[in-house]
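Colleague: Just passing along the structure, written as structure tokens.
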Amino acid sequence: MIIILLGPPGAGKGTQATRIMNNNGLVQLSTGDMLRAAVAAQTEVGKKAKDFMDSGKLVTDDIVIGIIADRIEEDDCKSGFLLDGFPRTVAQAEALDQLLINKGLKLDAVVEMKVNDESLVDRITGRYTCAECNQGYHDTNLKPQKAGVCDSCGSTNFNRRSDDNRETVVSRLATYHAQTAPLLPFYEAQGVLKTIDGMADIDDVTVQINDVLKQL
Ligand code: ADP
Ligand code: ADP
Ligand code: ZN
């Protein structure tokens with residue numbers, strides 16, 4: 001199964017990708033996570049990507065297409081994958097179509113997570129993750145059961161992303177509307193677009209996505 005989670009920054013793509021991956025045995029492919037790892041490791045890709053990411057702009061298509069093209073060749077992608085944060089431009093979507101055609105694969109569904117812009121700023125400025133296992137949390141919406149201790153691995157170290165600040169969020173939202181929203185009619189025309197209510201509770205969103213997957 002090949003699924004895309006599509007939605008603005010903070011829509012809940014990463015949160016849901018982790019849950020769906022655990023339930024369905026799909027691998028989560030997050031270009032944001034891969035790019036952050038490249039920046040941290042100071043690779044050539046990381047050096048090229050850093051300024052774009054810091055300012056809330058998209059990294060160039062050739063870089064992210066290259067990352068995904070390499071990644072889907074790996075063994076763990078054989079039984080399917082869930083794309084989180086890719087594609088983000090029509091050029092990336094066209095490149096993905098071509099990559100899938102070359103491998104004889106087809107895209108099963110694009111799940112659009114619809115969320116109001118106003119709630120996205122709160123979601124992003126309250127977001128943090130476990131420094132050890134990357135489990136996601138939120139200051140008010142999703143706290144660890146025991147304050148300061150990760151539910152999944154017991155770590156007491158957490159990270160906040162440097163681009164999760166109010167100014168960069170505004171720029172990231174504008175980028176989404178200008179460059180990523182055109183993917184909605186693109187996938188609608190392919191007959192694969194499924195829209196769900198991303199404003200619902202986290203558990204309810206998971207139910208909605210699982211319902212879409214069951215119908216495939
Ligand atoms: P979000 O939480 O906003 O959905 P991501 O972690 O997916 O953010 O991405 C963080 C940043 O990494 C983006 O603002 C952008 O600079 C870069 N990025 C991630 N995926 C892509 C992509 N498919 N194309 C271009 N840039 C990307
Ligand atoms: P994305 O990957 O789309 O950028 P995340 O999954 O990281 O978004 O979610 C952004 C923040 O919002 C996280 O702190 C997460 O805990 C929180 N969150 C995710 N889904 C919901 C929801 N349905 N309701 C309230 N908060 C949510
Ligand atoms: Zn953890």
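Colleague: Go over the candidates 172, 123 one by one and state the one that is within 16 Å of ligand 2 (Cβ to nearest atom), in contact (Cβ under 8 Å) with a residue 40 or more places away in the chain, closer than 25 Å to residue 203 by Cα and charged (D, E, K, R).
Modeller: Of the residues listed, the single one that is within 16 Å of ligand 2 (Cβ to nearest atom), in contact (Cβ under 8 Å) with a residue 40 or more places away in the chain, closer than 25 Å to residue 203 by Cα and charged (D, E, K, R) is 123.
Colleague: I'm trying to understand the selection: among the residues of the range 134-152, which are surrounded by 13 or more Cβ atoms within 10 Å (Cβ to Cβ), more than 14 Å from residue 10 (Cα to Cα) and of a type in the set (A, V, I, L, M, F, W, C)?
Modeller: Selection gives 149, 150.
Colleague: Conditions: (1) part of a loop (DSSP other than H, G, I, E, B); (2) loosely packed, with under 15 Cβ neighbours inside 10 Å. Residue 164 meets all but one. Number of the miss?
Modeller: Among (1) part of a loop (DSSP other than H, G, I, E, B); (2) loosely packed, with under 15 Cβ neighbours inside 10 Å, residue 164 violates only (2).
Colleague: Here is a follow-up. Taking residue 79 as the residue in question, decide whether it is touching a residue at least 12 places away in the same chain (Cβ under 8 Å), within 16 Å of ligand 3 (Cβ to nearest atom), farther than 20 Å from residue 36 by Cα and surrounded by fewer than 17 Cβ atoms within 10 Å (Cβ to Cβ).
Modeller: The answer is no for residue 79.
Colleague: How many of the residues in the range 182-199 are more than 20 Å from residue 80 (Cβ to Cβ) and exposed (fewer than 15 other Cβ atoms within 10 Å of the Cβ)?
Modeller: Number of matching residues: 6.
Colleague: Go through the range 46-58 and give me each residue that's over 17 Å from residue 180 (Cβ atoms) and open to solvent by 50 Å² or more (accessible area, probe 1.4 Å).
Modeller: Hits for the range 46-58 are 47, 48, 50, 51, 54.
Colleague: Let me ask something else about it. Of the conditions (1) away from ligand 3 (no atom under 16 Å from the Cβ); (2) over 28 Å from residue 167 (Cβ atoms), residue 19 clears all except one; give me its number.
Modeller: (1)
Colleague: Being within 16 Å of ligand 3 (Cβ to nearest atom), out of contact with any Phe, Trp or Tyr (no Cβ under 6 Å at 6 or more places or on another chain) and open to solvent by 20 Å² or more (accessible area, probe 1.4 Å) narrows it down to one of 33, 61, so name that one.
Modeller: Answer to the check: 33.
Colleague: Select from the range 64-76 the residues that are surrounded by fewer than 15 Cβ atoms within 10 Å (Cβ to Cβ) and in contact (Cβ under 8 Å) with a residue 40 or more places away in the chain and list them in ascending order.
Modeller: Of everything in the range 64-76, just one residue is surrounded by fewer than 15 Cβ atoms within 10 Å (Cβ to Cβ) and in contact (Cβ under 8 Å) with a residue 40 or more places away in the chain, namely 76.
Colleague: Kindly check whether there is at least one residue in the range 87-100 that is of a type in the set (S, T, N, Q) and open to solvent by 70 Å² or more (accessible area, probe 1.4 Å).
Modeller: Yes: one or more hits.
The values are calculated or read from the model by the stated rules, or taken from the named source; none is laboratory data. Since we're looking at a predicted model, the values are computed, not measured. Positions of Cβ are generated from backbone atoms using ideal geometry, with glycine treated the same way; all protein chains shown enter the neighbour counts. Just so you know, the surface numbers come from the protein's heavy atoms only, side chains and all, with ligands and any DNA or RNA stripped out. Shrake-Rupley method; radii C 1.70, N 1.55, O 1.52, S 1.80 Å.
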